[in-house]
Structures are given as C-alpha cells and as structure tokens.
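Colleague: Got a structure for you, questions after.
The values are calculated or read from the model by the stated rules, or taken from the named source; none is laboratory data. The structure presented is a predicted model; accordingly, all values stated were derived computationally and were not measured. Every residue, glycine as well, gets a Cβ built from its backbone with ideal geometry; the counts of neighbours run over all protein chains shown.
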Amino acid sequence: MTMPGVNELILILLYPISTMVTIVTLEEGVNELIWILLLCPILILGTIVILFIIRQRFETKRAMISGGHEEAYRKLAEQAVEAQQKYVDEQQKVSEGIDDLRNRVAAIEKILREVD
C-alpha cells in the first residue's frame with residue numbers, strides 16, 4: 001500500500017469543508033431565489049396599488065374640474081331662463097300693443113264710415 005501524497009491528504013481533509021461550502025452556496029442561492037420569488041409579486045402588487053392611487057387622484061381632479069364646469073353651466077342655464085322670461089314678457093307687451101292698435105284702427109274705420 002502506498003502512502004497518500006500531500007495533495008491527496010489536503011483533498012481528504014478539505015472534502016467536508018468543500019461540501020459545506022457547496023451546501024452554503026446552494027442555500028444562499030435558494031435564499032436568493034426565495035427572496036426574488038417573494039419580492040417580484042410584492043413589487044408588482046405595489047406598482048399596481050401605486051398606479052391605482054394615481055388614477056384615482058386623476059379621476060378626483062377630473063371630477064372637481066367637471067364640477068366647476070357644471071356650476072358654470074347651471075349659471076348659464078339660469079341666465080338663459082331669465083332671458084327667455086324677459087323675451088316672453090316683452091312679446092306679451094308687444095302683442096297687447098298690437099291688439100290696442102287694432103282696436104284703435106277699427107274705431108277710426110268705424111268713425112270714417114259714419115262720416116261718409
């Protein structure tokens with residue numbers, strides 16, 4: 001039987017340490033993989049939540065701006081109703097004036113017929 005050489009002795013002595021290093025390396029790889037697998041969904045969900053919040057803020061701003069326009073439209077509609085009421089009143093006055101003129105013209109015609 002031959003005596004093992006120095007290199008063989010070093011390999012025999014370091015074998016348990018090398019397997020532990022391999023296990024630790026595998027565990028670190030698995031740990032990294034677990035962290036990656038956990039962080040990816042968390043980051044995706046976080047991004048979705050942030051985008052949802054941003055969208056809701058824009059919708060709120062749009063609703064506030066739209067509400068301001070609705071107030072302006074309401075005021076414009078009120079002014080239109082007032083103007084229309086004034087127009088109806090003026091038209092009623094003109095109609096009454098025309099009726100009065102017809103009555104006067106009829107009276108003048110009657111007087112002219114009597115004179116003839």
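Colleague: Being loosely packed, with under 10 Cβ neighbours inside 10 Å and assigned to a helix (DSSP H, G or I) narrows it down to one residue among R113, R102; which is it?
Modeller: None of the other options fit; the residue is R113.
Colleague: While we're looking at this one, here's another question. Does region 69-90 contain at least one residue that is on the phi < 0 side of the Ramachandran plot, surrounded by 10 or more Cβ atoms within 10 Å (Cβ to Cβ), of a type in the set (F, W, Y) and modelled with pLDDT of 90 or more?
Modeller: yes
Colleague: Determine, yes or no, whether I65 is modelled with pLDDT under 70, in a helix (DSSP H, G or I) and not small (G, A, S).
Modeller: Working: modelled with pLDDT under 70: no; in a helix (DSSP H, G or I): yes; not small (G, A, S): yes.
No; evaluated as a whole, the condition is false for this residue.
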